[in-house]
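Working notes for the structure below.
Every read-out reported here was derived from the displayed coordinates using simple, explicitly stated rules and does not represent laboratory data. Given the structure is predicted, the values throughout are model-derived calculations rather than measurements. A quick note on method: Cβ atoms are made from the backbone with ideal geometry, for glycine too, and the neighbour counts reach across all protein chains shown.
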Amino acid sequence: MTDVVRLESLYKTYDGGVTALDGVTASFPAGSFTAVMGPSGSGKSTLLQCAAGLDRPTGGRVFIDGTELTATKDTAMTKFRRTRVSFVFQDYNLLPSLTVEQNVVLPLRLAGRRADRHRVRETLDRLGLGDRLGELPERLSGGQRQRVAIARALVADPAVIFADEPTGALDLRSAREVLALLRSLQRTIIMVTHDPVAASYADSVLFLADGRLAGSLRAPTADAVAERLAHLGDRVGVAA
Ligand SMILES: Nc1ncnc2c1ncn2[C@@H]1O[C@H](COP(=O)(O)OP(=O)(O)OP(=O)(O)O)[C@@H](O)[C@H]1O
């Protein structure tokens with residue numbers, strides 16, 4: 001299987017000397033749904049930011065779809081990100097004054113791309129929002145808002161979707177619907193989460209501890225994930 005995202009020996013040290021990533025190497029095959037987990041402060045957000053080209057690592061290389069992001073200048077990186085990378089955030093990041101449809105096409109517009117109206121409507125239909133095109137986000141439930149954000153991520157036809165706690169603000173039922181939806185997309189998805197149940201929807205889980213890879217789990221169950229996490233928490237506690 002082709003790797004859509006590849007991280008080679010990633011290091012990130014912030015001003016002030018905190019090492020958030022300490023030599024992470026990982027590959028994400030096409031169509032794989034991966035959860036990234038670890039104790040608070042283990043480097044999950046930093047990993048996501050560096051992998052997505054929102055921040056630059058101090059060392060190492062990031063490849064997305066064959067392009068080395070770390071060798072790309074800032075303006076080209078922004079352009080690449082706009083066309084090849086999509087994001088889904090905990091708080092949806094929808095613009096309140098735009099309708100569902102306008103929110104969904106906004107990233108395409110910003111990237112100077114033409115929105116294929118048919119494709120946009122088909123995507124919203126598939127996500128159960130076909131009758132909400134003209135609605136403002138405030139009239140939608142949390143789960144519906146997140147589905148709008150997922151539709152927005154999809155219509156850009158990205159190489160990879162990065163999701164940061166996508167179900168963090170949702171009730172249990174909506175969270176499960178959104179996770180089942182993410183899994184059904186068969187896209188390359190990298191999701192940071194604290195929730196073992198959310199992680200269990202992924203094909204595999206990568207664990208981080210102290211900025212390093214601390215193992216992985218294929219076909220994870222929520223119980224197995226929780227157990228590993230408890231273990232990592234212990235180890236981090238002992239190390240601290
Ligand atoms: N902008 C920054 N400047 C300085 N240090 C930072 C910055 N961002 C993160 N850090 C530090 O880097 C380490 C890793 O942080 P990061 O946010 O990546 O962890 P995390 O696993 O996502 O944590 P959480 O689960 O609490 O969100 C932490 O020690 C954090 O304090």
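On a C-alpha basis, how far is the centre of the stretch 20-34 from the centre of the stretch 125-154 in Å? Whole number, if you could?
Between the Cα centre of the stretch 20-34 and that of the stretch 125-154, the gap is 29 Å.
Over the chain, calculate the relative contact order: mean separation of alpha carbon pairs under 8 Å at least 6 apart, over the residue count, as a percent. Mind showing how you got there, number by number?
On the way: 464 pairs, mean separation 63.9, N = 240.
This gives 27 percent for the chain.
When you count, for each residue, the other Cβ atoms within 10 Å and take the mean per peptide, how do 87-100, 215-228 rank with the highest first?
On the way: 87-100: 16.6, 215-228: 15.1.
Packing order, densest peptide first, comes out as 87-100, 215-228.
Using the Kirkwood radius over C-alpha pairs as Rh, can you work out the diffusion coefficient of the chain via Stokes-Einstein at 37 °C, viscosity 0.692 mPa s, in µm² per second?
179 µm²/s
With viscosity set to 1.567 mPa s at 4 °C, what whole-number translational diffusion coefficient in µm²/s follows for the stretch 1-111 from Stokes-Einstein and a Kirkwood radius over Cα pairs?
Details: Rh = 15.4 Å.
Rounded to a whole number, D works out at 84 µm²/s.
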